[in-house]
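Colleague: Take this structure first; my questions come after.
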Amino acid sequence: MSVGILGAGAFGTALGIVLARSGREVVLWAREGAEAMQGARENIRRLPGYGFPDGLRVTDQARDATAAETVLLAVPMQSLRELLEAEAAGLRATSPVACCKGVELGTTLGPAGVVTDVLPGVTPAILTGPSFARDIAAGLPTALTLACGDPALGRSLQARLATPTVRLYRSEDVTGAELGGALKNVIAIACGAAMGAGLGESARAALMTRGFAEMNRMALALGAEVTTLAGLSGFGDLALTCTSEGSRNYRFGLALGRGETWSSGDTVEGAPTARAVADRGRALGVEMPITSAVVALLDGRMKLGDAMDMLLARPLREE
Ligand SMILES: NC(=O)C1=CN([C@@H]2O[C@H](COP(=O)(O)OP(=O)(O)OC[C@H]3O[C@@H](n4cnc5c(N)ncnc54)[C@H](OP(=O)(O)O)[C@@H]3O)[C@@H](O)[C@H]2O)C=CC1
Ligand SMILES: O=C(CO)COP(=O)(O)O
């Protein structure tokens, strides 16, 4: 069984390690530094400390990865379209599994929407849920959602990608699964900011809960199922990302709340996603006060205290 992974960041590398460890033949495509990575048998830049099993090969030829039986797309959300356009020829015959969590700026499409926009006729799937790359690579237990609109294909992908340590649950609700993964990052920034500003754990719990309500409102407006949001891809990932400094989105929020400059080049999916989702919420008439506050913080239009005052001053209502 072969798996090709496009994108050799932390997550693509971690998935490559765990899949190769469980006997798959994995080809990991890196747009830069493939030869060095293959020589070192480690991704020193993005996932240091986790050696590569024998079954993992790094390549600088994307077509080596797109020729595999199963293809994973593991680049940040705002790079997905560029990747699909560049590798369209090789990807047209595949059913790619997008592993990114976010909403595209400009189009407000999620990963599945971007795949079908660039590659009409291709059936996309989504791999999402609570899992830090380093936990996956370390072989710690994780449970994720594999969502695909085609039930037979979903079943097949679930079998092809599950490992003894990565348990996969199946869903046909692609919209719900991808929105959960995208929206939780925005709420994680808000939670990090609250903690960074010293507002306390009760404030974080309130933001998580009201953020979850906001996620549900948006997901329902876009046709997702409530049960999906209550699962691994929504609630599960919200719980992980809003409470752990292992999360880049949460750490970014912490820096924001402390008034520190964020100089890391780390991927922070929640920042562009907040902007895209705030636009979409306005267009749909969906109230998204926490997302709007995150955008105002990012733009420097509001200070954290004012954002909290704004949220607390909203009209009193039923839960
Ligand atoms: N890290 C994690 O714990 C998890 C991440 N995810 C999701 O996975 C996605 C990827 O995140 P992650 O791997 O952590 O990100 P990283 O920042 O670690 O790596 C991103 C990778 O994408 C590559 N890349 C960016 N643009 C392109 C492009 N146009 N063509 C080819 N390669 C490209 C980068 O290449 P280069 O190095 O050359 O810049 C880099 O290797 C995100 O959406 C994230 O939310 C999901 C679950 C867990
Ligand atoms: O999605 C993740 C965990 O499920 C990773 O979160 P960060 O991108 O915030 O690090």
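The values are calculated or read from the model by the stated rules, or taken from the named source; none is laboratory data. These numbers come from a predicted model, not from an experiment. We place every Cβ from the backbone using ideal geometry, glycine too, and count neighbours over all the protein chains shown.
Colleague: Return yes or no: is Arg46 within 16 Å of ligand 2 (Cβ to nearest atom) and in contact (Cβ under 8 Å) with a residue 12 or more places away in the chain?
Modeller: On the way: within 16 Å of ligand 2 (Cβ to nearest atom): yes; in contact (Cβ under 8 Å) with a residue 12 or more places away in the chain: yes.
Criteria met by Arg46.
Colleague: What residue, of Val18, Val71, is within 16 Å of ligand 2 (Cβ to nearest atom), more than 21 Å from Gly270 (Cα to Cα), β-branched (Val, Ile, Thr) and buried (at least 19 other Cβ atoms within 10 Å of the Cβ)? Steps first, answer last, please.
Modeller: Numbers: Val71 fails: within 16 Å of ligand 2 (Cβ to nearest atom).
None of the others qualify; the one that does is Val18.
Colleague: Take the residues in the range 219-232 that are surrounded by fewer than 23 Cβ atoms within 10 Å (Cβ to Cβ) and assigned to a helix (DSSP H, G or I); name whichever of them is modelled with the lowest pLDDT.
Modeller: Val226
Colleague: Can you say whether Ala213 is surrounded by 17 or more Cβ atoms within 10 Å (Cβ to Cβ), under 15 Å from Ala293 (Cβ atoms) and away from ligand 1 (no atom under 16 Å from the Cβ), as far as the supplied structure shows?
Modeller: On the way: surrounded by 17 or more Cβ atoms within 10 Å (Cβ to Cβ): no; under 15 Å from Ala293 (Cβ atoms): yes; away from ligand 1 (no atom under 16 Å from the Cβ): yes.
In short, no.
Colleague: On to the next question. Among the numbered criteria (1) out of contact with any helix residue (DSSP H, G or I) (no Cβ under 8 Å at 6 or more places or on another chain); (2) within 14 Å of ligand 1 (Cβ to nearest atom), which single criterion is violated by Gly270?
Modeller: (1)
Colleague: Another question about this same structure. Could you identify the single residue in Leu84, Leu91, Leu105 that is more than 26 Å from Asp266 (Cβ to Cβ), of a type outside the set (S, T, N, Q) and not assigned by the TED database to the domain that holds Gly236? Lay out the reasoning, then the answer.
Modeller: Numbers: Leu84 fails: more than 26 Å from Asp266 (Cβ to Cβ); Leu105 fails: more than 26 Å from Asp266 (Cβ to Cβ).
The match here is Leu91.
Colleague: Quickly run through the range 233-277 and pick out the residues that are among the hydroxyl-bearing types (Ser, Thr, Tyr) and either outside any loop (DSSP other than H, G, I, E, B) or within 15 Å of the chain's Cα centre (by Cα) (or both). Lay out the reasoning, then the answer.
Modeller: Within the range 233-277, the subset among the hydroxyl-bearing types (Ser, Thr, Tyr) is 233, 241, 243-244, 247, 250, 261, 263-264, 267, 273.
If the condition is that a residue be among the hydroxyl-bearing types (Ser, Thr, Tyr) and either outside any loop (DSSP other than H, G, I, E, B) or within 15 Å of the chain's Cα centre (by Cα) (or both), then Ser233, Thr241, Ser247, Tyr250, Thr267, Thr273 are the ones that fit.
Colleague: Among the residues of the range 148-170, are any at pLDDT 95 or above, of a type in the set (Asp, Glu), away from ligand 2 (no atom under 14 Å from the Cβ) and not assigned by the TED database to the domain that holds Thr228?
Modeller: Within the range 148-170, the first condition is being at pLDDT 95 or above, and the residues that meet it are 148-170.
Remaining after also requiring of a type in the set (Asp, Glu): 150.
Those left that are additionally away from ligand 2 (no atom under 14 Å from the Cβ): 150.
Applying the additional criterion that residues be not assigned by the TED database to the domain that holds Thr228 yields 150.
Yes.
Colleague: Could you say which residue among Ala67, Ala30, Ala36, Ala40 is closer than 15 Å to Leu83 by Cα and either in the same structural domain as Gly7 (by the TED database) or more than 14 Å from ligand 1 (Cβ to nearest atom) (or both)?
Modeller: When all the criteria are applied, what remains is Ala30.
Colleague: Scan Pro111, Pro124 and give me the residue that is within 25 Å of Ala271 (Cβ to Cβ), buried (at least 19 other Cβ atoms within 10 Å of the Cβ) and more than 12 Å from ligand 1 (Cβ to nearest atom). Please lay out each step first, then the result.
Modeller: On the way: Pro111 fails: more than 12 Å from ligand 1 (Cβ to nearest atom).
One residue alone meets the criteria, Pro124.
Colleague: Report yes if Arg160 is farther than 14 Å from Gly129 by Cβ and of a type in the set (D, E, K, R), otherwise no. Even if it seems obvious, please write down each step before you answer.
Modeller: Working: farther than 14 Å from Gly129 by Cβ: yes; of a type in the set (D, E, K, R): yes.
In short, yes.
Colleague: Next question, about the same structure. Of all residues in the range 158-180 being crowded, with 22+ Cβ neighbours inside 10 Å and in a helix (DSSP H, G or I), which is farthest from the chain's Cα centre (by Cα)? I'd like the intermediate steps shown before the answer.
Modeller: If we filter the range 158-180 for residues that are crowded, with 22+ Cβ neighbours inside 10 Å, which is where we start, we get 161, 166, 171, 173-174, 176-180.
Checking which are in a helix (DSSP H, G or I) leaves us with 161, 174, 176-180.
On the way: Leu161: 17, Val174: 13, Gly176: 13, Ala177: 10, Glu178: 8, Leu179: 9, Gly180: 9 Å.
Among those residues, the one meeting the criterion is Leu161.
Colleague: Could you list all residues from the range 74-127 that are among the hydroxyl-bearing types (Ser, Thr, Tyr), more than 13 Å from the chain's Cα centre (by Cα) and either within 16 Å of ligand 2 (Cβ to nearest atom) or closer than 15 Å to Glu178 by Cβ (or both)?
Modeller: The initial filter retains those residues of the range 74-127 that are among the hydroxyl-bearing types (Ser, Thr, Tyr), namely 79, 94-95, 107-108, 116, 123.
Now restrict to residues that are more than 13 Å from the chain's Cα centre (by Cα): 94-95, 107-108, 116, 123.
Selection gives Thr107, Thr108, Thr116, Thr123.
Colleague: Give me the residue from the range 136-180 that is of a type in the set (Ser, Thr, Tyr) and touching a strand residue (DSSP E or B) at 6+ places or on another chain (Cβ under 6 Å) and, out of that set, farthest from Val71 (Cα to Cα). Quick ask: steps written out before the conclusion?
Modeller: Step one: of the range 136-180, the residues of a type in the set (Ser, Thr, Tyr) are 142, 145, 156, 163, 165, 169, 171, 175.
Next cut, touching a strand residue (DSSP E or B) at 6+ places or on another chain (Cβ under 6 Å) only: 142, 145, 169, 171.
Values: Thr142: 21, Thr145: 16, Tyr169: 18, Ser171: 19 Å.
Per the criteria, the residue is Thr142.
Colleague: Tally time: how many residues in the range 241-253 are surrounded by fewer than 21 Cβ atoms within 10 Å (Cβ to Cβ) and in contact (Cβ under 8 Å) with a residue 40 or more places away in the chain?
Modeller: Count: 4.
Colleague: Let me ask another. Out of (1) within 16 Å of ligand 2 (Cβ to nearest atom); (2) surrounded by 15 or more Cβ atoms within 10 Å (Cβ to Cβ), the odd one out for Leu304 is which?
Modeller: (1)
Colleague: Output the residues belonging to the range 225-253 that are touching an Asp or Glu at 6+ places or on another chain (Cβ under 6 Å) and within 11 Å of ligand 1 (Cβ to nearest atom).
Modeller: Hit for the range 225-253 is Arg248, nothing else.
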